[in-house]
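> Before I ask anything, here is the structure I am working with.
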Amino acid sequence: MAGFPILYVAEADPTEAVLSSGALAHVVEAMPGARVTVVGSPQSAPLFADLPGLDRLIVLEREGRLDWLKLWGQVRDRRWGLVVDMRGTELSARLKRQKRAVRVKPEPGEHAATTAARTLQLDETPRPRLFLSAETRAAADALLARGEGPILAVAPTADWIGKVWPADRYVKVATRLLAADGPLAGGRLLIVGDDLDGETRTALRMAAPLKRTIETRHLTRLQTCAALSRAALVLGGDSLWTQLAVAAGAPVVAAFGPSDDAVRGPFGEVVCRGPRTMDEYRAIDPRLDQAIEHLLDLPADRVFKAAVKRLERA
């Protein structure tokens with residue numbers, strides 16, 4: 001497979017791209033020596049910067065017709081061994097190639113990682129995974145070098161307030177886990193996210209002494225993934241940060257509400273839900289877009305108990 005050319009068109013949304021990443025990782029490892037060109041958005045493309053055998057990373061800045069024509073000009077002259085199109089574009093249908101895999105339609109209730117695996121006709125669903133170079137890990141390790149003890153990572157934000165579990169409940173769970181009699185006694189708190197508002201950041205800092213608190217806001221997202229790989233446990237919600245933790249191989253407990261965890265949950269990890277079903281959320285918020293704090297009915301104690309069990313299993 002030396003030199004075997006692969007073109008991979010990743011999803012524009014970075015969370016979706018991470019959810020599908022295990023399928024690409026499987027192909028890369030199954031075909032050592034292959035040369036891969038990845039096309040992605042400004043948000044998704046950098047997540048594949050450390051991919052083994054990466055020939056080229058093409059950033060599609062916009063989604064207009066002229067942008068696709070420019071991309072066509074960059075990839076049309078090569079005869080590809082395999083084209084993997086996770087967007088289902090017309091471009092991939094017109095390229096010279098031996099084989100083309102186009103994202104299949106999800107089955108009802110099917111996890112996004114499984115949909116990606118079916119796209120590539122894999123027998124099993126690999127866990128989402130991003131590759132991390134020595135340089136990427138070194139940047140994360142430089143941040144984590146301060147202090148000692150196990151790391152509890154907390155990623156409290158999401159792209160919609162309806163998916164956000166209240167910050168004070170993250171604080172309650174983190175405080176108990178890091179307490180002198182807790183399972184992560186003497187550990188450090190890693191506050192994850194480059195999108196935290198000042199109020200949330202201030203609240204989270206209450207969970208641990210300042211000298212045992214670290215923040216990832218100055219890391220790239222791939223470097224943040226590397227930092228999460230060092231965590232003893234990651235607490236998050238339905239967000240990119242939680243999916244990065246999964247792709248890093250970290251133990252995860254995620255607070256979910258008006259999100260279908262069967263489809264978007266942290267693959268192979270633990271999800272905590274409140275008492276409402278998806279149908280009940282939609283009865284309140286039909287388009288799932290209102291400024292409603294849907295996760296207020298998920299108690300901190302439930303997440304704490306789940307976290308303890310996940311640590312025991314880890």
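The values are calculated or read from the model by the stated rules, or taken from the named source; none is laboratory data. Since we're looking at a predicted model, the values are computed, not measured. Because the Cβ atoms are built from the backbone with ideal geometry, glycine has one as well, and the counts that use them run over all protein chains shown. Note: accessible area is taken over every heavy atom of the protein model, side chains too, but ligands, DNA and RNA are not part of it. Shrake-Rupley method; radii C 1.70, N 1.55, O 1.52, S 1.80 Å.
> Taking interchain pairs and intrachain pairs at least six residues apart, which have beta carbon atoms under 7 angstrom, with the first residue in segment 225-236 and closer than 18 Å to Val171 by Cα and of a type in the set (A, V, I, L, M, F, W, C) and the second part of a helix (DSSP H, G or I) and open to solvent by 10 Å² or more (accessible area, probe 1.4 Å)?
Listed pairs, sorted by first residue: Ala232/Leu311; Leu233/Arg310; Leu233/Leu311.
> Going by what's in this entry, would Ile151 be described as closer than 24 Å to Phe267 by Cα and out of contact with any helix residue (DSSP H, G or I) (no Cβ under 6 Å at 6 or more places or on another chain)? Lay out the reasoning, then the answer.
On the way: closer than 24 Å to Phe267 by Cα: yes; out of contact with any helix residue (DSSP H, G or I) (no Cβ under 6 Å at 6 or more places or on another chain): yes.
Yes.
> Scan segment 38-51 for residues that are in contact with a Phe, Trp or Tyr (Cβ under 7 Å, 6 or more places away or on another chain) and either open to solvent by 50 Å² or more (accessible area, probe 1.4 Å) or over 17 Å from Arg62 (Cβ atoms) (or both) and jot them down.
Residues satisfying the conditions are Val38, Asp50, Leu51.
> Shifting gears a bit: Return a yes/no flag: does segment 263-274 have any residue that is in contact with a helix residue (DSSP H, G or I) (Cβ under 8 Å, 6 or more places away or on another chain), open to solvent by 50 Å² or more (accessible area, probe 1.4 Å) and farther than 21 Å from Leu244 by Cα.
No, segment 263-274 has no match at all.
> Go through segment 293-314 and give me each residue that's modelled with pLDDT under 95 and either of a type in the set (A, V, I, L, M) or buried (at least 17 other Cβ atoms within 10 Å of the Cβ) (or both).
Ala314
> What number of residues within segment 154-191 are in a strand (DSSP E or B), farther than 14 Å from Val303 by Cα and open to solvent by less than 10 Å² (accessible area, probe 1.4 Å)?
Qualifying residue count for the region: 3.
> Could you give me the residue pairs with C-beta distances under 9 Å whose first residue belongs to segment 275-289 and is over 13 Å from Asp260 (Cβ atoms), whose second residue is open to solvent by less than 90 Å² (accessible area, probe 1.4 Å) and among the small types (Gly, Ala, Ser) wherever it lies, and which are 6+ apart or on separate chains?
Pairs that qualify, where the first residue is over 13 Å from Asp260 (Cβ atoms) and the partner is open to solvent by less than 90 Å² (accessible area, probe 1.4 Å) and among the small types (Gly, Ala, Ser), are Asp285/Gly162; Asp289/Gly162.
> Hey, another quick one. Taking only segment 55-86 into account, find how many residues are open to solvent by less than 40 Å² (accessible area, probe 1.4 Å), in a strand (DSSP E or B) and either of a type outside the set (Asp, Glu) or in contact with a Gly (Cβ under 8 Å, 6 or more places away or on another chain) (or both).
Residues in segment 55-86 being open to solvent by less than 40 Å² (accessible area, probe 1.4 Å), in a strand (DSSP E or B) and either of a type outside the set (Asp, Glu) or in contact with a Gly (Cβ under 8 Å, 6 or more places away or on another chain) (or both): 6 in total.
> Tally time: how many residues in segment 206-251 are of a type in the set (Asp, Glu) and assigned to a helix (DSSP H, G or I)?
The total comes to 0.
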